[in-house]
Amino acid sequence: MMKRTLLLMSVLFLAFRASDTIHIKHPRHWPKPEHRTSFDSNTVLLGRMLFFDPVLSANNMVSCASCHSPYNSFAHTDHRLSHGIDDRIGTRNAPPLINLAWRKDFMWDGFAGNIEQQIMFPVDHADEMGSSFDSLPFKLSRTGGYEKFFLNAFGDEKITNQRIVSAISQFVFSLVSANSKYDQMKRGEVHFTEKEWNGYRFFQQQCSGCHQEPLFTNNRFESNNLPMDTALRDLGRMRVTGNSSDSLRFRVPSLRNIEYTYPYMHDGRFMTLWQVMDHYENSGMLDHGSQFVSETRVDLMAFLLTLSDKEFVLGNKNGYPSQAFKEKSNANKQ
């Protein structure tokens, strides 16, 4: 009888732990990622729940998704600078969270040297989530319902800081965007229009030094002649390195899904791509005295729109996990 009971418990546990491995697909010609791109589906689901759960903040009102909306390629669009707990204003524009598995460090200035720091910093920051990362295991256990999801992800119900970070990191690393019209053109599935080709050629001549294909960023810290915002006095990379040569250098953002990630620049000072083009023309950043004449701007805009991965942005694969939260709520009531 005892053996039969233990066998039944073992079978039930294996069924409960049933999980698929998620292999994130990306084009073969992409560079080798810095982090793995295969994940446990249960762990990714848990990370997705935590990403959308405002319980991580001190007042239970702010989640990671508050500043990183899936409908904006995991950036924000309604204000220049990020808004945190009690509507406190941050100092930088929240960047999109896509293709992070190809990054060595994180944040506009590379302050976070690994994904763990990137995840913990907003939780602990007084003007972002205003909480304490060390308090999260107890807080999550008090909310109830998460035990099942930690069991599915890690094999037992224990909630720890390490597991919270692991789950969220697997979710954000799974956010790979690689199916835009540009990608489909590269695969030979579609053709560019004449304007898209013209814009692509101009891009390759003037923009590709920093926004390198196929990720459309060189992941380095560059200066693009933006004057300092005297109210913010943000020195960029210099804050991390202490080197004066890094003053006003910021990470080159990816142009993928740029249609959805306005406002632009580290401080969100430009609301439109037309304003961005104005800056590059007026600041002397274009080579050989080139200008963004009206036709060139239209062509470049046509090309930039080919970088929109609508399936990634508008689909519900990475959105709010309503069914999982419903299961969590039902478990909490029992």
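The values are calculated or read from the model by the stated rules, or taken from the named source; none is laboratory data. As the structure is a computational prediction, the values presented were derived from the model and not from experiment. Heads up, the Cβs are rebuilt from the backbone with ideal geometry, glycines too, and the neighbour counts pull from every protein chain shown.
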Seminar exercise, completed: Of (1) modelled with pLDDT of 95 or more; (2) within 17 Å of residue 54 (Cα to Cα); (3) of a type in the set (Gly, Ala, Ser), residue 177 fails just (2)
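Restricting to segment 96-111, name every residue that is part of a loop (DSSP other than H, G, I, E, B) and farther than 17 Å from residue 129 by Cβ.
Going residue by residue through segment 96-111, those that are part of a loop (DSSP other than H, G, I, E, B) are 96-99, 103-105, 107-111.
Result: 96, 98, 99, 103, 104, 105, 108, 109, 110.
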Exercise. Out of segment 303-329, which residues are surrounded by 17 or more Cβ atoms within 10 Å (Cβ to Cβ) and at pLDDT below 90?
Worked result: none
Exercise. Can you name every residue in segment 286-325 that is under 16 Å from residue 208 (Cα atoms), of a type in the set (Val, Ile, Thr) and free of Cβ contacts under 8 Å to residues at least 40 places away in the same chain?
Worked result: none
Problem set entry | Every residue from segment 82-95 that is in a loop (DSSP other than H, G, I, E, B) and surrounded by fewer than 18 Cβ atoms within 10 Å (Cβ to Cβ) | 88, 91
Exercise. What do you reckon, is residue 138 of a type outside the set (A, V, I, L, M) and within 22 Å of residue 321 (Cβ to Cβ)?
Worked result: no
Problem set entry | The listed residue being over 20 Å from residue 112 (Cα atoms) and among the acidic types (Asp, Glu), out of 295, 222 | 295
Exercise. Here is a list of conditions, (1) part of a loop (DSSP other than H, G, I, E, B); (2) without any contact (Cβ under 8 Å) to a residue 12 or more places away in the chain, and residue 256 meets all of them except one; can you say which number that is?
Worked result: (2)
For this session: Would you check which residues across segment 310-334 are assigned to a helix (DSSP H, G or I) and either in contact with a helix residue (DSSP H, G or I) (Cβ under 8 Å, 6 or more places away or on another chain) or small (Gly, Ala, Ser) (or both) and list them?
Result: 313, 314, 322, 324, 325, 327, 328, 329, 331, 332
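How many residues are in a loop (DSSP other than H, G, I, E, B) and either at pLDDT below 80 or more than 32 Å from the chain's Cα centre (by Cα) (or both) if we restrict to segment 284-302?
4
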For this session: Inspect segment 29-49 for any residue being at pLDDT 95 or above, outside any loop (DSSP other than H, G, I, E, B), buried (at least 20 other Cβ atoms within 10 Å of the Cβ) and touching a Leu at 6+ places or on another chain (Cβ under 8 Å) and give the result as yes or no.
Result: no
For this session: Scan (1) touching a residue at least 60 places away in the same chain (Cβ under 8 Å); (2) over 29 Å from residue 25 (Cβ atoms) for the single condition residue 73 breaks and write down its number.
Result: (2)
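Only one of these is at pLDDT below 95 and surrounded by 12 or more Cβ atoms within 10 Å (Cβ to Cβ): 332, 257. Name it. If you could, list the steps in order and put the result at the bottom.
Numbers: 257 fails: at pLDDT below 95.
Matching residue, one of 332, 257: 332.
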Problem set entry | Residues located in segment 215-233, provided they are buried (at least 18 other Cβ atoms within 10 Å of the Cβ) and touching a residue at least 60 places away in the same chain (Cβ under 8 Å) | 215, 216, 219, 221
